[in-house]
Amino acid sequence: MNPAPLQLVLTFDAEADVFDASIGASAGADVWRGIEHGIPLIQEMLVAQTRAAGVPLLATWFVRTDCEIAAQHGDAAHLLRRYDALWRARQAAGDEIAFHPHLSRRAQGDVTGALLRSEIRDAHAAVQAAGYAPVSSRLGEAFGSNTAFAALQESDFAADSTAMPGRVRHDAERSLDWSGTPARPYRPSLADYRKPGHPVHDLWQVPMTMVPVRADYDTEPLARYVDLSFRPAALRAGLAAALANVPLLVTVTHPSTILPGIASRRHGLLSFEPSAFRENLGFIFSECARLGRAVHSLTLAACARHCRVAGKPEMAA
């Protein structure tokens with residue numbers, strides 16, 4: 001009996017080139033090399049892998065749209081409008097264009113939830129005004145709260161992929177708590193967004209796939225999402241273990257992290273080399289072939305539709 005096929009959801013966060021302090025100093029608000037050069041290069045590699053494996057590869061592009069972009073450029077949907085031809089081409093090829101707001105610190109700490117709701121509502125309205133109708137979302141910096149997911153549901157989102165199962169971090173840069181979150185898709189409980197339960201939200205949470213990864217600066221491996229721009233030596237063991245066991249693999253990559261010259265210094269985890277992305281993507285297919293597993297590529301929205309039609313996450317471990 002052949003193993004169950006691997007359901008592969010390739011996702012990309014299209015935002016500023018320098019999205020994390022570990023990368024170095026920002027090159028400026030109007031420098032979007034990851035979008036302008038990284039995305040076409042990623043697409044070339046996806047097409048090449050499609051030809052090699054005979055499996056059409058689809059992508060979900062989470063485009064940064066929020067009050068910070070609005071403050072910088074006068075329109076929360078600036079990136080959608082500026083690179084409209086790129087996004088339309090990706091849609092025409094079967095890819096998904098999705099919603100990616102970073103909520104302000106004030107909104108994240110808003111006790112009443114009014115500011116948080118308005119930031120999500122206003123950003124979503126800007127996306128719609130730009131001519132897009134996303135059904136999937138990912139909140140920036142893996143932020144989650146009951147109010148945030150209620151706001152996404154109020155805006156009729158059907159799917160979200162913000163969860164990082166098991167990851168907890170509270171420091172000057174990040175505040176996130178996904179303790180107790182399952183690795184499989186689930187409908188978030190109204191009482192606790194991190195877990196399934198009743199009553200539940202209508203939208204499906206499709207968590208990022210987490211695997212143990214040891215960066216150069218780690219003393220022990222740390223559970224991180226599967227980023228195809230990671231140095232292959234750091235990702236390989238954890239990815240191999242996942243491919244042998246998980247029914248669903250949700251990857252996350254920032255397009256700028258495949259481009260040389262973005263980081264101001266050598267990074268202990270992100271490669272900034274297209275060859276690393278190519279190698280990691282190829283490894284998924286070669287390892288699945290060794291295991292006798294077929295690979296099916298789908299967008300996040302298609303994954304959520306599968307869950308919704310089934311009435312339960314059939315791709316659960």
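We did not get these values from a lab; they are worked out from the coordinates using the rules stated. Everything numeric here is computed off the predicted structure, so don't read it as measured data. All Cβ positions, glycine included, derive from the backbone under ideal geometry; neighbour counts span all protein chains shown.
Worth pointing out:
- Label-point separation in nm, ARG51 to ASP202, each point 7 Å along Cα→Cβ: 4.4 nm
- Calculated FRET value between ALA114 and ARG174, using beta carbons and R₀ = 25 Å, to 0.05: 0.60
- Per-residue ellipticity at 222 nm, computed for the chain from helices alone with -39500 (n - 2.57) per DSSP H run of at least four residues, works out to -10000 deg cm²/dmol.
- Less than 5 angstrom separates the built amide H of TRP204 from those of ALA159, ASP160, all sequence-distant by 5 or more or on a different chain.
- Charged-residue dipole, Cβ positions (Lys, Arg, Asp, Glu), the chain about Cα centre, Debye nearest 20: 760 debye
- Considering only alpha-carbon pairs that sit under 8 angstrom and 6 or more positions apart, the relative contact order computed for the chain is 24 percent.
- Legend: helices of the chain (whole DSSP H runs) are marked when their alpha-carbon atoms reach 24 angstrom or more along the helix axis and their mean Kyte-Doolittle hydropathy is at least -1.0; marked are 274-291.
- For LEU6, the amide hydrogen comes within under 5 Å of the amide hydrogens of ALA294, VAL295, HIS296, counting only partners 5 or more places away or on other chains and with H modelled in the peptide plane.
- For the range 46-130: rounded, prolate or oblate by the Cα gyration tensor [a/c cutoff 1.5]: prolate
- Shape call, the range 68-115: gyration tensor on alpha carbons, a/c limit 1.5: oblate
- Distance between the 7 Å Cα→Cβ label points at ALA233 and ASP122: 4.7 nm.
- Cα-based convex hull volume of the range 218-317 per residue, rounded to whole Å³: 114 Å³
- Radius of gyration and maximum dimension Dmax of the range 6-310, Cα, Å: 18.1, 52
- Peptides 50-58, 273-281 ranked from most to least packed give 273-281, 50-58, packing being the mean of other C-beta atoms within 10 angstrom over each peptide's residues.
- Springs join every pair of Cα atoms under 10 Å in this Gaussian network model of the chain, and among GLN153, GLN72, GLN43 the largest mean-square fluctuation is at GLN72.
- Directionally averaged projected area (the range 52-186, Cα convex hull): 9.9 nm².
- Of VAL63, VAL252, VAL168, the one that fluctuates the most in a GNM where the chain has Cα springs shorter than 10 Å: VAL168
- Per-pair calculated FRET efficiency, R0 = 25 Å: ALA21 and ALA133 via Cβ, rounded to 0.05: 0.15
- With each label modelled as a point 7 angstrom along the Cα→C-beta vector, the GLU36-ALA4 pair spans 4.5 nm.
- Anisotropy class of the range 162-266 from Cα gyration tensor, a/c 1.5 cut: prolate
- Bridge type composition, the chain - antiparallel percent by DSSP, nearest 5: 30 percent
- Ellipsoid semi-axes in whole angstrom, largest first, where each is sqrt(5λ) of the Cα gyration tensor of the range 29-92: 28, 11, 9
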